[in-house]
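Read the structure below first, then the notes.
Any read-out appearing in this document is the output of simple, stated calculations on the displayed coordinates, not a laboratory observation. This structure is a prediction, so every number in the text was calculated from the model and none was measured. No Cβ is skipped: glycine too gets one built from the backbone with ideal geometry, and neighbour counts run over all protein chains shown.
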Amino acid sequence: MSSATLNRDLRLYRQLSRLPRPSSYTGKIFLVAFLGTHIPLLGAVGYVTLSHLPMAQALPVLKAVLAATLIGTAGTLWALYRLLAPIRCTADALQEYVDSSTAPNLPTTFSDRAGQLMRNTQRTITKLDTLLRFKNRMLGVVSHDARGPASAVLMAVDAIEKQLDAPAPNMDYVRSLTQQMEHTVEYQLDLFHSMLNVARYGEGQVTLNPDTGTAQSVFERVRGNLKILAAKRNHDLQLDLDAPELMLHTDIGKLEQVLNNLGSNALKYTPEGGTVTLGMTTSSEEDTVSFWVEDTGPGIPESVRGELFEAYNADADPDTDSVGLGLWICKTFTEVLGGTIALKSTDDGSTFTVRFDRAAIEAAPESA
């Protein structure tokens, strides 16, 4: 809408808004309606006055016109008040969202201009609320997943310093730590690239970077990422692959991040000295490939399992420095890759399983 058109449409509103009384928008509408509905009465009074009718003849006419005017005014004001409901409801919904961030539930089925106002307001606030929540999730995701690799690097630096301060440093161990640090930094760079993909996922856009590699190489890299944390907590970190040479073709970075998060969670929640196993199982009967992480922890209470994969919920725990995003990331990336994620938990431990149809994860055999 042009500025000239907007100024023209708002001319009467602008003039009425300058009136000190009534102060409300509804009151101004009622003032205009009251004046408009009393024109017949004023006309009747003027006619009687100018025609010099005898009072005996004029009084019944004036009474009838006055009664009709009052009835018409009451009906008009009542109808106008009801017809202004869309504007009042929209204004109240906006104010409530500003005050308490509570998304409204305005109707979206009406097609006139008032209905369009409610529908567009509802759509706008819903989209804004979704974007704000997603922004907060993204900040949490970056905080959550950037902390892990950075902590691993710091632990490796601390271990290297201790070795270098020792009378006879184990240089082979130092070299292995520097290699782990290099791989961790590379992983963190891949992580930030994946975060951009999560943002696009939230906007309905998904970018996959398919690659090919063996299952063994994927799990070795994941074990390398988790090795320092496992050693710090005195865990036995094992691999159990029934087909280590299976060639995978998928977004390897996202798959590794899923396994990293599941493995990191398992290590954090398993008491010291426990066992965490990263595994892969193929099923010829179901034609599936399953990646799983099993721990010997205390299990997950049934009361939180329903919200386990929601952001900021079940895996948020101040004792483990978690913000509750790890499993949400796992679910998000698993779905992007075309798989499903499930949990089996008992008092003796938990197993998270990420399952894919074999055709969706296995590299096609090279043609002869």
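Can you tally the net charge around Leu246? Count Lys and Arg as +1, Asp and Glu as -1, for every other residue whose Cβ sits under 10 Å from the Cβ of Leu246. List each step's numbers first, then the result.
Details: positive: Arg358; negative: Asp242, Glu245, Glu362.
Combined, the nearby Lys, Arg, Asp and Glu give -2.
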Quiz prompt | Out-of-range pairs (alpha-carbon distance over 25 Å; input Lys135/Lys232; Lys127/Lys344; Lys127/Lys331; Lys227/Lys254; Lys135/Lys268) | solution = Lys135/Lys232; Lys127/Lys344; Lys135/Lys268
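Calculate the FRET efficiency for Ser17 and Trp78 from the Cβ-Cβ distance with a Förster distance of 30 Å, rounded to the nearest 0.05. Let's see the in-between values first.
Working: r = 24 Å, r/R0 = 0.80.
Efficiency for this residue pair is about 0.80.
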Quiz item: Simple spin-label model, 7 Å along Cα-to-Cβ: Ser283 to Leu117 in nm?
Solution: 5.7 nm
Exercise. Hey, can you grab everything whose amide H is under 5 Å from the amide H of Asp211? Only 5+ residues off in sequence or another chain; H modelled, so Pro and N-termini drop out.
Key: Thr250, Asp251, Ile252
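When ranked by the protection proxy of mean other Cβ atoms within 10 Å per residue, highest first, what sequence do the peptides 215-225, 48-58 form?
Numbers: 215-225: 19.1, 48-58: 10.5.
The packing order, highest mean first, is 215-225, 48-58.
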Self-check item: Label-point gap, in nm, between Val157 and Tyr47 - each point 7 angstrom along Cα→Cβ
Solution: 9.4 nm
Quiz item: List the trypsin sites (Lys or Arg not before Pro) in the range 232-278 that DSSP assigns to loop (not H, G, I, E or B) and whose Cβ has at most 16 other Cβ atoms within 10 Å. Which are they?
Solution: Arg233
